[in-house]
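Remarks on the structure that follows.
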Amino acid sequence: MSRRSPTAAFGWARLHRMDRYNLIPELEAFELELGEEETPLGWASCTGNFSLAVAYASLVWPAFTEVRGMVFRGEADEADVDRWLADLGHDRRAVEAMLNHLHVLDVQSPGHWGHATESQLRFIGQTLKASWAAKLARDFPGREFAVEFLHGTAHDMRGYQVSFHERRQPGDA
């Protein structure tokens, strides 16, 4: 009996079920030049570099920092956290959600935003949501986090966002 990996939905099978040329438009021209079908990883290995691989890996599997009992993606400065706590009425959930949010478009510089498609932003956002949830569960066992993927629209591509915050009991703002 074969078992499907719980993460298989975010891998090659998912790209193949979806319109992979819509997600990676350059893949079709690459395959025509190559003369055979290629996987996204094969294409990336020929067109990318290790520096990009490391940068994207750090986005997909981020380091977390704990400040004042709150968890943040990447580095977090106590003074910045304190300012946000004051600005948001000491609502720890709101501070975490604000400082941990990522507009999916921001994985590229603004000069590339016009080339992004909704399908690409959805795929990246769903993948980040799943990977961040897994990493938070691994790094903070016993704590529960809400990881959210907000959908944008064709008219509001910046609306595609991923964020997280720790679930807290009422009164434990």
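Under the classification rounded if a/c is under 1.5, otherwise prolate if a/b is larger than b/c and oblate if not, where does the range 117-173 fall, given a ≥ b ≥ c as square roots of the Cα gyration tensor eigenvalues?
Verdict is oblate for the range 117-173.
Separation between the N49 and D156 pseudo-spin-labels, each 7 Å from Cα along Cα→Cβ, expressed in nm?
Distance between label points: 3.8 nm.
For helix 50-60, report the angle its Cα long axis makes with the longest principal axis of the Cα atoms of the chain; keep it between 0 and 90° and round to the nearest 10°.
Once rounded, the angle reads 50 degrees.
Among the GluC sites (Glu not before Pro) in the range 112-166, which ones are in a DSSP loop with at most 13 other Cβ atoms within 10 Å of the Cβ? Mind listing them?
Counting only loop positions with at most 13 other Cβ atoms within 10 Å, the GluC sites (Glu not before Pro) in the range 112-166 are E144.
According to a simple spin-label model (label point 7 Å from Cα along Cα-to-Cβ), what is the distance in nm between E75 and Q108?
If labels sit at Q108 and E75, their model points lie 2.8 nm apart.
What distance in nm separates the two pseudo spin-label positions at Y56 and A133, each 7 Å out from Cα along the beta-carbon direction?
That separation, rounded to one decimal, is 2.2 nm.
Any idea how far the Cα center of the range 76-126 sits from the one of the range 46-74, in Å?
The distance from the Cα centre of the range 76-126 to that of the range 46-74 comes to 14 Å.
Most mobile of R20, R83, R122 per a Gaussian network model of the chain (Cα springs, under 10 Å)?
Comparing R20, R83, R122 in a Gaussian network model of the chain, the most mobile one is R83.
Does the chain classify as rounded, prolate or oblate by the C-alpha gyration tensor (a ≥ b ≥ c root eigenvalues; a/c under 1.5 gives rounded; else a/b over b/c gives prolate, otherwise oblate)?
prolate
Each reported figure results from applying straightforward, stated rules to the coordinates on display, with no laboratory input. Predicted model only: the values in this text are computed from it and were never measured. Using ideal geometry, Cβ is built from the backbone for each residue, glycine included, and neighbour counts are taken over all protein chains shown.
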